[in-house]
1. Do we find that residue 66 is surrounded by fewer than 10 Cβ atoms within 10 Å (Cβ to Cβ) and closer than 24 Å to residue 98 by Cβ in this structure?
2. From the list 16, 25, pick out the single residue that is within 21 Å of residue 84 (Cβ to Cβ), out of contact with any helix residue (DSSP H, G or I) (no Cβ under 8 Å at 6 or more places or on another chain), part of a strand (DSSP E or B) and at pLDDT 95 or above.
3. Considering only residues that are part of a strand (DSSP E or B) and under 11 Å from the mean Cα position of the chain (by Cα), which ones fall in the range 33-55?
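The values are calculated or read from the model by the stated rules, or taken from the named source; none is laboratory data. The model shown is predicted, which means the values in this text are computed figures rather than measured ones. Neighbour counts run over all protein chains shown; Cβ positions are idealised from the backbone, glycine included.
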């Protein structure tokens, strides 16, 4: 009886496509993996612009969406594993997306553009 060793190194990604219903990953060996977008709630809740902004990680064995703080491994896709994020974590992430940034902690936009500190108002003349 003979057996052959199985190489478990994932094949790197060639391309990533997202539709309104699916994440499609094209591998360099020609296979295309397609999974429901609902498997990855952060992608499902992301805007089309956020979904299109991705980069390969680990030499192409993973995909990262910086705007959504989402990472998906090819090994996980091949194993048929949906996101392992807890409901609590997803709820916190969704809440953080709804909160406007705290403007009080940011320098004024005019000062940022000028690259200097905001100017002081003139003082009233003393009499």
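1. Criteria not met by residue 66.
2. 16
3. 55
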